[in-house]
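Visitor: Right, I'll just put the structure down here and ask away after.
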Amino acid sequence: MSIAAEGTVTVADIELFADRFDPEQAAAIYAEQGCLVIRGLMTPYVSQIRADIEFAFSQGVALLPQAVQIPNIGWSTPDGALWLPAPAGFPRDKQMMIPAVRYNTSATFFASAFEPSLVAVVEAILGPRIELFMDGQCLYKEPVGGHPKNLHQDSAYFEHRFDGPVAVLGYAVETNLVNGALYVVPGSHHLGQLRHIDTFSHLGLDPQEWPWERALPITGAAGDAIFFHYRCIHGSQENHSKGPRPVFIHRYRRPGDYVTVGAATTAGREEAEKRAAEVKSQNQKGLMVRGFRAYEAEPA
């Protein structure tokens with residue numbers, strides 16, 4: 001299946017504004033395009049989240065002497081931050097990818113996951129029963145060459161039994177084509193699961209087939225939020241500015257959905273795919289954001 005009229009969708013076609021939008025309209029854009037921008041949605045939380053991210057960055061740098069290598073992934077410091085090899089000219093040999101900013105470390109980040117306007121959109125997409133998937137994630141691009149993230153589908157990392165999670169990415173600083181804006185491919189969630197390859201920053205689509213020119217860049221201000229389906233193709237280029245480019249991400253799904261294939265490399269996916277039919281939903285229950293989780297016995 002191909003994307004209809006690829007390249008004809010503009011940012012204006014998927015863009016709404018926090019002070020005047022209808023959640024049902026937002027959900028309709030999301031259903032059609034697999035992505036949605038709501039300007040200013042996370043503005044009330046940005047200042048403190050950015051401060052938490054910068055604290056976590058400094059903490060991670062201080063812990064780098066204790067970093068442990070994770071084969072085919074990178075390095076992890078004791079706080080749980082993830083590091084990748086640094087490009088030539090960096091002051092150290094490792095660069096941060098994921099700082100230790102999660103729901104169990106940042107109160108503001110956790111509170112922002114329950115932002116009423118945000119959850120209203122998610123409810124319009126998923127229905128009245130919603131749980132958090134994972135414990136929140138921040139991604140950090142260091143200045144002057146911070147890592148790229150090839151175009152990819154999140155489903156390559158955590159394929160689900162049913163519809164999968166809705167991601168909401170918030171810009172923590174003004175984000176443009178110089179410091180690593182998010183690119184999306186509207187409508188690509190209709191393509192199903194695509195084959196990924198191993199790249200510098202883990203799983204990604206083959207750049208020969210999916211060059212950046214096929215994607216739509218979303219520049220924006222701190223507090224702008226981008227919703228995307230977990231099969232919507234997206235990614236970001238290097239940060240060539242003199243300041244960091246942090247973002248923060250919430251993910252939501254329906255209770256009862258669960259990961260069947262989880263991996264960060266092609267070899268890991270191949271192995272996980274062999275066991276996908278055997279995976280059960282136990283121990284994959286996130287915190288409820290809306291509604292009540294009724295007890296359901298695991299299938300035999």
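Visitor: Pull up the cross-link candidates among the lysines for K94, meaning alpha carbon to alpha carbon under 22 Å and not fewer than 8 places away within one chain.
Guide: K141, K149, K242
Visitor: Around I14, what is the net charge, scoring Lys/Arg as +1 and Asp/Glu as -1 over all other residues with Cβ under 14 Å from its Cβ? Walk me through the numbers before you get to the answer.
Guide: Details: positive: R39; negative: D13, E15, E32, D224.
That works out to -3.
Visitor: Report the Cα centroid-to-centroid distance between the stretch 36-108 and the stretch 203-272 in angstrom, as an integer.
Guide: 16
Visitor: Which cross-chain or sequence-distant (5 or more) residues have an amide H under 5 Å from the amide H of A181, H modelled 1.01 Å from N in plane?
Guide: Sorted by chain and number, the residues that satisfy this are N176, Q237.
Visitor: Within the chain, what percent of beta bridges assigned by DSSP are antiparallel, to the nearest 5?
Guide: Counting only bridges with both partners in the chain, antiparallel ones make up about 95 percent.
Visitor: For the stretch 118-242, rounded, prolate or oblate, judged on the Cα gyration tensor with a ≥ b ≥ c (square roots of eigenvalues), a/c < 1.5 rounded, else prolate if a/b > b/c?
Guide: Oblate is the answer for the stretch 118-242, as a/c is 1.5 or above yet b/c matches or exceeds a/b.
Visitor: Now for a different question. Does the stretch 91-180 come out rounded, prolate or oblate by the C-alpha gyration tensor, with a ≥ b ≥ c the root eigenvalues, rounded set by a/c under 1.5 and, if not, prolate when a/b is larger than b/c and oblate if not?
Guide: Prolate is the answer for the stretch 91-180, as a/c is 1.5 or above and a/b outweighs b/c.
Visitor: In whole Hz and in residue order, list the ³J(HN,Hα) couplings for the stretch 198-211 that follow from phi through the Karplus curve 6.51 cos²θ - 1.76 cosθ + 1.60, θ = phi - 60°; x for Gly and Pro.
Guide: In residue order, the calculated couplings are 7, 10, 3, 10, 6, 5, x, 7, 4, x, 5, 8, 10, x Hz.
Visitor: Next question, about the same structure. For the chain, rounded, prolate or oblate, judged on the Cα gyration tensor with a ≥ b ≥ c (square roots of eigenvalues), a/c < 1.5 rounded, else prolate if a/b > b/c?
Guide: Rounded.
Visitor: Further question on the same structure: Can you return the aspartates and glutamates within cross-link range of K274? Criterion is Cα-Cα under 14 Å, with same-chain partners fewer than 8 residues away left out.
Guide: E159
Visitor: Which value, in debye to the nearest 20, describes the size of the charge dipole of the chain about its Cα centre when Lys and Arg Cβ atoms bear +1, Asp and Glu Cβ atoms bear -1, and nothing else is charged? Walk me through the numbers before you get to the answer.
Guide: On the way: 25 positive and 33 negative charges, 100 e Å.
It comes to approximately 480 debye.
Each value in this text was obtained by applying a stated rule to the coordinates, not by laboratory testing. Computed from a predicted structure; not experimentally measured. Every residue, glycine among them, receives a Cβ derived from its backbone with ideal geometry; neighbour counts consider all protein chains shown.
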